[in-house]
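The values are calculated or read from the model by the stated rules, or taken from the named source; none is laboratory data. Quick caveat, the model's predicted, so the values are computed rather than measured. Here the Cβ positions follow ideal geometry from the backbone for every residue, glycine too, while neighbour counts run over all protein chains shown. Just so you know, the surface numbers come from the protein's heavy atoms only, side chains and all, with ligands and any DNA or RNA stripped out. Shrake-Rupley method; radii C 1.70, N 1.55, O 1.52, S 1.80 Å.
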Amino acid sequence: MSVDANPGGVPAVTNVSEPPPPEAPEGDWTDWANRMPSVVALGLECTAVDEGRAEFVLDSRHFPLNANGAVNGGLLVSAADQVMGVMAVRGARSHAYAFTISMAAQFHRSAMPPVLVRAEFVPGGKRVAFVNVEMEGADGVRCASAQGALRMSAGERVEPAAPEG
């Protein structure tokens, strides 16, 4: 992984490692997920991932909380989107990349950290996968849920565009 500064001076991480082969053990997939720059930046930790389910913990040490001590809804949606991508790549059972094409989220109550994020892979066709996400606050009660459709693209990785100028 390399870090390059973008025009705004904020580090941009590139060269994310390739996902493990589908037959790799769960530990390889967990390690891969935990090295993803967005997972790290959001304060997510992947604790389990297999072909059908994944579990992450969203830690609040990496961002400010709302006035009531809850995680901001936008951060929950960002975390859900990242978890959906990991789950779609793992669930596809092929060397593929996942691109979110549609996502809906519902907020059930304040999300008090740490937030447990559980994802379930729902098979689709050859090019589309679906992932359901449930989030539980520190009290163990569902605080948010999300559903996403992701386009699966074997071997097609989108690289960041070079800055103009």
Exercise. Return yes when residue 110 is without any contact (Cβ under 8 Å) to a residue 60 or more places away in the chain, of a type outside the set (Asp, Glu) and either within 21 Å of residue 149 (Cβ to Cβ) or in a loop (DSSP other than H, G, I, E, B) (or both) and no when it is not.
Key: yes
Quiz prompt | Qualifying residues in the stretch 42-65 (those that are over 12 Å from residue 115 (Cβ atoms) and touching a residue at least 24 places away in the same chain (Cβ under 8 Å)) - the one most open to solvent (accessible area, probe 1.4 Å) | solution = 53
Quiz item: Which condition does residue 35 not pass, out of (1) under 14 Å from the mean Cα position of the chain (by Cα); (2) open to solvent by 20 Å² or more (accessible area, probe 1.4 Å); (3) over 30 Å from residue 126 (Cβ atoms), if it passes all the others?
Solution: (3)
Quiz prompt | Residue check for residue 54: in contact with a helix residue (DSSP H, G or I) (Cβ under 9 Å, 6 or more places away or on another chain), part of a loop (DSSP other than H, G, I, E, B), more than 19 Å from residue 153 (Cβ to Cβ) and modelled with pLDDT of 95 or more | solution = no
Quiz item: Out of the residues in the stretch 113-136 that are assigned to a loop (DSSP other than H, G, I, E, B) and touching a residue at least 40 places away in the same chain (Cβ under 8 Å), which is most open to solvent (accessible area, probe 1.4 Å)?
Solution: 114
